[in-house]
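I have placed the structure first, in the form of structure tokens, so that the comments after it can refer back to it.
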Amino acid sequence: MKASAFLSLLLLLCFSFQTISSAVVDEICSEVEDSYVDKEFCLKTLSSDPRSKTADADGLAVISVEIAVAKAAEVKTRIEAQLKGAADAYEKDRAQAARQIFSNVVSTFQWSAKSLKSKFRSGPLSLLTVGRNVAVTIDALVDMGELGTAFNRLGSLAAAIVGHLH
């Protein structure tokens, strides 16, 4: 009987906690929706990380930036591949320009996540905005396709959530 009551209480607490944390994700996504961020994209993205179940608004900001960091690393890899596979000098010059422009985005986003973890919010918003805009610039130099779009959307989401914290 004691085990059954304990299990029931444990399940009740788990479901209650999940409902509360889901409410935080829903609240954040509702509030950033007017920042050119689709609410469903926000919900799907944040919910893809298991940490979002227990995160507060600050934690969700960190999670969103870390997801953007991973996508930025993919962009950097794509640029390097395009540089190596350049068919001529013109394509090589464009890929080199994209690599130079994008060179600090991954480390900048990583710094932003680290800063947010320590509750420093001022610098990260500016850097996330610049990093997101860099993606638009490099897409004009090398064809990033869906990867560029995905990075831009994730950067916009991260910037919107960090902006919400101000």
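The values are calculated or read from the model by the stated rules, or taken from the named source; none is laboratory data. Predicted model, so just to flag it, every value in this text is computed and none were measured. Side chains are part of the model used for accessible areas, which takes the heavy atoms of the whole protein and leaves out ligands, DNA and RNA. Shrake-Rupley method; radii C 1.70, N 1.55, O 1.52, S 1.80 Å.
Odds and ends about this structure:
- Fraction of accessible area attributable to carbon and sulfur, the chain (%, probe 1.4 Å): 59 percent
- 1.4 Å probe accessible area per residue over the chain, in Å²: 56 Å²
- For segment 47-106, the equivalent ellipsoid derived from the Cα gyration tensor has semi-axes of 34, 10, 5 Å, listed largest first.
- Counted residue by residue at 0.36 nm each, then reduced by the alpha carbon distance between them, the extension gain from residue 150 to residue 110 reaches 12.6 nm.
- Relative contact order (%) - segment 34-102, alpha-carbon pairs under 8 angstrom, separation at least six: 19 percent
- Nearby lysines by direct alpha-carbon distance to residue 84 (threshold 16 angstrom, same-chain neighbours under 8 apart not counted): 76, 92
- From phi via Karplus (6.51, -1.76, 1.60), per-residue ³J(HN,Hα) for segment 144-158 in Hz, x at Gly/Pro: 8, x, 4, 5, x, 5, 4, 5, 4, 5, 5, x, 5, 4, 4
- If you wrap the Cα atoms of segment 15-91 in a convex hull and average its projected area over all directions, you get 6.6 nm².
- nm² value of the averaged projected area, convex hull over the Cα atoms of segment 31-144: 7.6 nm²
- Annotation: aspartates and glutamates with alpha-carbon distance below 13 angstrom to residue 119 (same-chain offsets under eight excluded): 56, 58.
- Full-stretch length increase - residue 57, residue 97 - with 0.36 nm per residue and alpha-carbon distance subtracted: 10.7 nm
- Convex hull of Cα atoms in segment 18-63, direction-averaged projection (nm²): 2.7 nm²
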